[in-house]
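Report on the following structure.
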Amino acid sequence: QKCNLNSTMKFNYKLHRLCGASYGTPLSTTSGGSNVIYTTKGDVLLSPVSNRVQCIDLLTHSVRTLPFEARSDISKIALSPNDTLLLAIDVNDRAILLNYHRGVVLHRFRFKGGKVRCVKFSPDGLFFAVSAGKHVQVWHSPGLRREFAPFVLHRTYTGLNDDIISIDWSSDSSVLIASSRDTTARIWTVHTTKDYVPVTLSGHKSPVVGVFLEEDENDIRVVTKNKRRIGKCYTVSEDGTLATWTCERHDDDQNEDESGGALSSFKASSDAAVDFFSGGNGGSTALALPSSFPDDDDAALQSQAHGLVGATWKLSKRHYFKQERATVTSASYSTRHKLLVIGFSTGLFGLYELPDVSNVHTLSISTGSVRTTAINPTGEWIAFGCPSTRQLLVWEWRSETYVLKQRGHAGGMKCMSYSPDGVIIATGGEDGKLKIWNANTGFCHATMDAHNAAAVTAVTFANSSVVLTSSLDGTVKAHDLHRYRTFRTYTTPNPAQFISLAVDPAGEVIAAGTADPFHIYIYSLQSGKLLDVMTGHAGPVCDLSFHPVRGTLASASWDGTAKVWDLYKREVATEEFGHSADVVCCSFRPDGDELCTGTIGGILSFWNVEDGSLRCEIDGQRDITGGELYIKHMVMVTLYVAEAKFLRGEENTKIS
């Protein structure tokens, strides 16, 4: 039989936000986590969660999820300087170019040549650099319009002998530096610059995890866009060594002879011609007006790349971050505020002020390694990401307070339930913890140790202030949401493992199903006494549902049956509904006239509660065959909407 749905009803569901994690990849043991970045204003933090990106507004304390989905877990993200383009790259090097404000996917692309470990837009937004194994690829930034091939490769830079793990740009986007696992860093110019030879900085004994270029504040010569010439470079290695490199150059005026003016003008024209044919800044203007290069303005019309011609780099100072049995896992630097943040593998972080490397703060924030750090443009907030513990923290270093402190379930989410008023979401995880989330903001505001070292298998609300959890440890617990404590524990006479839970509409009777010995235990919520034990199933009781009006209980079991029990009339025979496959879920319609059951094969069956007849079936196997192939597809939850006309079904990989 087939079910006729109302054709006039139209569905337009849109993803609003993810709830349950703010950073990291749940259920993943190999993901090293992605980087987190701030927007230009510094009040919104972008944090990848699995294959999506969360936008966390730190001023309004709200969360929204961008409406796109990568094919696999996102490993790196980058945002253009004007906050228009977002580039997200997954662990398989597949990239998604997104209009950040509208959330529209502009293009999908796959980078080739090696593993992508870092990506960064240039400060002027015209290019972005991507590491491809031991090479650096610089691409032209696409526009906001959809094009057939928006990704255009500008140049590939070589010279390093191992995977590149950090990239940085000069302030005028003319110089690029990258560090590698081969313990070295290399400096290139984005465009061909006459007489410039790429420089390799070698002075570390372990991989360099961070490189940063800085202008020379004492330099009186100003190059293009009111930027000074590059004067310093900082490199940070895994063994906790900070090396300061100084750029030493000879002023052109000291080497000029009496006819230096003509030579300088000729040199400027020659450099302008090289810039013109290589695509450098200002090349066309200089070539068109070669006589417009007076001696005093040569530097003002050149880039920071020209200031490195003939310069030598010298290791001027070393500093050691002395942390026992800890390695540096992340580093970020704010050139405007001279602040350096170092994350360690032991969960510590250090905040230092350069160039004196004076320690401002050292604090332990996690039990796992700090894999990513970020400083917002105003220099007030520091973001930390710990993928092993699913922690995301934003810390204000001046007041020494947390702006944001979120942590997801350590082993993934197992179950969830809405409160009766729809304001709170309660989730249970593999780590045995109960988390309370605000449905409006998406933030977790309470975490309770519901069960010790055992997964929470089911969670439900008795009322708006009492939430119940069941676990494999053989207990059912009641938690008070006003005091955030457990006030009652329900146990069984014999050892059992609870896998399902339900509460009657009055909030007075609790029913809990077990995996072995396939019983249903009935408790009184107020007194905590065991009222009855329902037997009859030959398999684990995986789902329970109370009738909205009567005192009957429906149970679904892996023995291929669904039963309806009358808790108050023991002389009434139990009604049984047979299926051709294991029954994994059941739900009453809001008016109580119909019972829906779901099987492991994706079949939804609708039963008449009065006479036990089968009204119709829906074959949802093809609807739920999407998702990852290694997961066995089954209908896990059936839930009627309030109007009792439509049904919502969930499976392991998506909602249909």
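Read-outs: derived from the displayed coordinates by stated rules, not from any lab. Since we're looking at a predicted model, the values are computed, not measured. Neighbour counts are summed over all protein chains in view; Cβ atoms, including those assigned to glycine, are modelled from backbone coordinates with ideal geometry.
Around L404, which amide H atoms from residues at least 5 apart in sequence, or from another chain, sit under 5 Å from its own amide H, with H modelled in the peptide plane?
Residues meeting the criterion, in which the H sits 1.01 Å from N, are V394.
May I ask for the net charge around T492, where only other residues with Cβ less than 14 Å from the Cβ of T492 are counted and Lys, Arg are +1 while Asp, Glu are -1?
Value of the local net charge: -1.
For the range 48-124 and the range 604-624, what is the separation of their Cα centres, given in Å?
That distance is 42 Å.
Please sort 235-241, 311-317 by packing, taking for each peptide the average over its residues of neighbouring beta carbons within 10 angstrom, highest first.
235-241, 311-317
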